[in-house]
Amino acid sequence: VQLQASGGGSVQAGGSLSLSCVASGGAFSSFVMGWFRQAPGKDREIVAAISRLGGSTWYTDSVKGRFTISRDNAKNTVYLQMISLKPEDTAVYYCAGSKGRTVQVNEELYDYWGQGTLVTVSS
């Protein structure tokens with residue numbers, strides 16, 4: 001399975017960005033999907049995750065109410081819509097897929113990773 005993330009860029013604080021991640025080479029609807037991020041000098045952390053059919057989502061506390069994860073299984077795509085961006089959201093964002101049956105927050109349980117897309121939020 002190959003994952004291709006896109007949509008990163010530079011915005012000012014308070015702005016919005018939408019990330020996309022397209023999967024190929026596998027049964028996308030059978031994967032739990034997640035978005036992770038890694039800020040400079042910090043460990044990678046999970047941002048959001050979504051169940052296989054999209055009925056269940058999870059968000060880390062710092063992005064609740066600002067980020068929305070969604071998926072379109074017909075397009076083999078998972079999205080991360082980000083509003084009210086803050087400088088602390090600056091990071092490389094990665095999409096990942098898990099063969100697990102339920103929403104996963106442990107990155108060790110993700111089997112496939114995209115290449116990352118950089119989001120920079122300036123104050």
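Going through region 1-95, which trypsin sites (Lys or Arg not before Pro) have at most 14 other Cβ atoms within 10 Å and a DSSP loop state?
Working: sites: Arg37, Lys42, Arg44, Arg52, Lys64, Arg66, Arg71, Lys75; in loops: Lys42, Arg44, Arg52, Lys64, Arg66, Lys75.
Answer in residue order: Lys42, Lys64, Lys75.
Starting from the Cα-Cα distance between Leu109 and Arg44, subtract it from 0.36 nm times their residue separation and give me the gain in nm to one decimal. Before the final figure, lay out each step's value.
Working: separation 65, 0.36 × 65 = 23.40 nm, distance 1.39 nm.
Net length gain for the segment: 22.0 nm.
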| Share, in percent, of DSSP beta bridges within the chain that are antiparallel, nearest 5 | 90 percent
| Using a Gaussian network model of the chain with C-alpha springs under 10 Å, which one of Asp111, Asp61, Asp72 is most mobile by mean-square fluctuation? | Asp61
| request: Report in % the part of the accessible area of region 1-121 that belongs to carbon and sulfur, leaving out ligands and nucleic acids; probe 1.4 Å. | output: 47 percent
| remark: Highest GNM mean-square fluctuation among Leu80, Leu17, Leu109, for the chain with Cα springs under 10 Å, belongs to Leu109
| field | the chain - charge dipole about Cα centre, Lys and Arg +1 at Cβ, Asp and Glu -1, debye rounded to 20 | value | 260 debye
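Could you order Ser10, Ser122 by accessible surface area, starting with the largest, using a probe radius of 1.4 Å?
Order by accessible area, largest first: Ser10, Ser122.
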| remark: Taking a straight Cα-to-Cα line shorter than 30 Å from Lys99, and setting aside same-chain lysines fewer than 8 residues away, one finds Lys42, Lys64, Lys75
| Average accessible surface area per residue within the chain, 1.4 Å rolling probe, Å² | 49 Å²
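The values are calculated or read from the model by the stated rules, or taken from the named source; none is laboratory data. The shown structure was predicted, so the numbers you read here are calculated from the model rather than taken from an experiment. Cβ coordinates were reconstructed from backbone atoms using ideal geometry, including for glycine residues, and neighbour counts include every protein chain displayed. Protein only, heavy atoms only, side chains kept; ligands, DNA and RNA dropped before computing areas. Shrake-Rupley method; radii C 1.70, N 1.55, O 1.52, S 1.80 Å.
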